[in-house]
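Taken together, the values in this text are just the output of simple stated rules run on the coordinates, not laboratory data. As the structure is a prediction and not an experimental result, all values here were calculated from the model. Every residue, glycine among them, receives a Cβ derived from its backbone with ideal geometry; neighbour counts consider all protein chains shown.
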Amino acid sequence: MTQRNKLVANRVLRNVLRYAFFVGPAGAIYAVFVLKPLIGTIWLSLYEWNGAGPKVFLGLANYAELARDQVFWIALRNNLIWILASVINPMLIGLVIAAVLANLRRGRIIYQTVFFSPVVLNLVVVGIVWGLMYNPILGVINSTLRFVGLESWTRGWLGD
């Protein structure tokens with residue numbers, strides 16, 4: 001291996017280690033909270049088990065029974081319709097509206113404001129409600145603490 005190839009290999013290794021350093025924690029969390037339960041669920045689906053007694057290995061018999069069950073196919077169809085209606089359609093509608101607004105010559109700012117205001121307004125209302133809850137005199141948090149006899153726990157939550 002030439003000196004140049006060694007330098008390139010070292011640089012590649014350093015980049016891989018750097019990326020692994022940043023992606024590693026997220027990957028570990030993903031593995032623990034997504035992959036492990038998913039694999040456990042698939043593994044458990046190969047058994048007959050009532051949750052308390054011994055497990056009996058059935059292999060793919062549960063899946064064969066599921067394929068013959070008409071209720072499963074109806075439920076699967078209903079779920080696919082729900083996904084289409086609640087996820088894909090709003091995305092497509094939003095994409096079409098964004099494309100139309102991007103090509104407008106007149107009134108573009110006004111239309112963008114009208115469509116984006118509900119998003120911003122929601123955040124403003126949530127901020128105001130939480131600010132009122134934390135109010136040191138009339139807020140629901142301090143009022144609840146006074147009501148249950150924990151007067152010493154009350155404070156100016158946002159100013160302390």
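In plain terms, the C-alpha convex hull of region 61-138 casts an average shadow of 10.7 nm² when viewed from every direction. In whole angstrom, note down how far apart the Cα centers of region 97-131 and region 37-54 are. Between the Cα centre of region 97-131 and that of region 37-54, the gap is 48 Å.
Normalised radius of gyration (Cα atoms, divided by 2.2 N^0.38 Å) for region 1-86: 1.92. Each stretch of four or more DSSP H residues adds -39500 (n - 2.57); spread over every residue of the chain, this sum gives -22000 deg cm²/dmol at 222 nm. Free of any trypsin sites (Lys or Arg not before Pro) that DSSP assigns to a loop and that have at most 14 other C-beta atoms within 10 Å, the longest stretch within the chain is 1-54. Between residue 29 and residue 57, what is the label-point separation in nm under the 7 Å Cα-to-beta-carbon projection? Going from the residue 57 label point to the residue 29 one covers 3.7 nm. For residue 47, the residues whose modelled amide H falls within less than 5 Å of its own, excluding neighbours fewer than 5 places apart on the same chain, are 58. Fraction of C-alpha pairs exceeding 18 angstrom in the chain: 83 percent, rounded to a whole number.
Dipole magnitude for the chain: computed about the Cα centre from +1 point charges on Lys and Arg Cβ and -1 point charges on Asp and Glu Cβ, it is near 1040 debye.
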